[in-house]
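Below is one structure; the comments refer to it alone.
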């Protein structure tokens, strides 16, 4: 039987994999990770603080900072965040879900930009703090759906990773 701490770490890693892989668009995932998983001081990263301090930080820098904030071995966090980094090298137009015409219209000025060179502010619409809250909620609901309908949390960690890398 596994050590209870090892079991908790494996569960957390599964949630992180699911979040990075299927949580939503990168700006939504970043909002979620900063507000929910940021290990430095999770209670202080309110939507207001995210908007004030991180809205102009490009996603390469944001990804680097988040990766360093996790207290797992460097090789593990690098491999986990590679899931998101691979999506971020694409132009925004290449990762927009088919049929999501409102996204194409809303982000028309950055469609040709690689996602890694964008920042949260590029995706704001009207009320930035509300955007952060909405994106965080959306990722949370996406993850909940995957856990309820597909029971991904019950799958072995290695099997989940094989799905992510497409084998």
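The values are calculated or read from the model by the stated rules, or taken from the named source; none is laboratory data. Note that the structure is a prediction, hence the values are computed from the model and not measured.
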Matching option when the condition is modelled with pLDDT under 85, within 22 Å of residue 137 (Cα to Cα) and under 15 Å from the mean Cα position of the chain (by Cα), among 12, 59, 30, 81: 12
Of the criteria (1) over 14 Å from the mean Cα position of the chain (by Cα); (2) in a helix (DSSP H, G or I); (3) within 19 Å of residue 37 (Cα to Cα), which one residue 109 fails: (3)
